[in-house]
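Take a look at the structure below.
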Amino acid sequence: MIDTTGPENWLALLHQLPAKPPYLRVKIWRRLQAIGAVPLKNAVHVLPRREDAEIAFHDLLGEIIASGGEAVLIDARLIEGQSDAELRTLFDAARDADYDELADAARRLLDTGPASGPEIAKLQRRLAEIVRLDFFGAHGRQGAEAALRELDAQRYAHPDVSRLDTPPELTPADLKGRTWVTRRGVHVDRIACAWLIRRFIDPKAGFKFIDGKSYAPEPGELRFDMADAEFTHEGDRCSFETLVFRAGLDGDPALVSIAEIIHELDIGDGKFDRPEAAGLDAMLSGVCASSEDDLERIARGGDALDQFHAYFSSRKGER
């Protein structure tokens, strides 16, 4: 625990920048933000007196002077006009704003989730950056960490959508003219399955979205990515992989590549090392964040998957 009762030693960077180039002011401001400095006055920024802070300020001072500006670094104690406690409050307020922004980002992913591994890892890296600059223990850290824990728990709370018995044997003709049923709130695996159905199995296929993880199908319906569905998780395959394999579409190398990406995003077991996963993940997460309508998610997600299929097809099967 940091002792905040005694007097604090501070480092103060005073600087003046030239009028040109105009981007220099923004560049230096971003550097100050990155090291956690807070403004005491317009051209005075402060950090607590610590070795890493002194190194960071020395580097910035050198950059300012090399760019034609002026800078002075002062080792200081506050005497009058502002107390140490008031200055610590400025640091806490800056970090609380960062923590709140992070928590809001986590909650948005909770609303559109489950979040993928890359999304969670990005927020965890950001949390580590904020903690590194949290010199006095801002209260917002607890809320941000709680939001990330909830997000991580949601990822592993994937409903059981597997099937225990032998799946029915269905011919390509059996897959046409059907209504395909899945769980409401489609995300990565279900969006990809719906795209595959409309693009490669039956362009006129209809969709039905239900609540819950299980459903007794009516005549003319096929289920996917739900408990005991005709097409769902089988062994270590996600539903999209199952559909590609059992519909006889695994002869298309582009679809196999996409299946590996969907596996990584849905299951996240590290089985496939696909560098494209983060890009598709961002696209589909954006789709889900912008609409709660399942058919609209499928349509927009399908546009992205069309582009990925074209990309992999252009590589003539390279993987």
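Identify the residue in segment 262-271 that is modelled with pLDDT under 90 and of a type in the set (A, V, I, L, M) and, among all such residues, is surrounded by the most Cβ atoms within 10 Å (Cβ to Cβ).
My answer is Leu265.
Sort out which residues of segment 173-187 are more than 13 Å from Pro203 (Cα to Cα), within 37 Å of the chain's Cα centre (by Cα) and not polar (S, T, N, Q), and write them in order of number.
Across segment 173-187, the qualifying residues are Val181, Arg183, Arg184, Gly185, Val186, His187.
Select, from Arg274, Arg300, the only residue that is of a type in the set (Lys, Arg), surrounded by fewer than 23 Cβ atoms within 10 Å (Cβ to Cβ) and assigned to a helix (DSSP H, G or I).
After ruling out the rest, the residue left standing is Arg300.
Please specify each residue of segment 272-319 satisfying the condition of being touching a helix residue (DSSP H, G or I) at 6+ places or on another chain (Cβ under 7 Å) and without any contact (Cβ under 8 Å) to a residue 12 or more places away in the chain.
Hit for segment 272-319 is Ser291, nothing else.
Of all residues in segment 157-206, which are buried (at least 18 other Cβ atoms within 10 Å of the Cβ) and not in a helix (DSSP H, G or I)?
Result: Val161, Arg163, Arg178, Trp180, Val181, Thr182, Arg183, Val186, His187.
Identify all residues within segment 217-236 that are crowded, with 22+ Cβ neighbours inside 10 Å and either under 16 Å from Pro275 (Cα atoms) or of a type in the set (D, E, K, R) (or both); write none if there are none.
Arg223, Asp225, Glu230 - these are the residues of segment 217-236 that are crowded, with 22+ Cβ neighbours inside 10 Å and either under 16 Å from Pro275 (Cα atoms) or of a type in the set (D, E, K, R) (or both).
The values are calculated or read from the model by the stated rules, or taken from the named source; none is laboratory data. Only a predicted model underlies this, so the values are computations on that prediction, with no experimental measurement involved. Cβ: placed from backbone, ideal geometry, glycine included. Neighbour counts: every protein chain shown.
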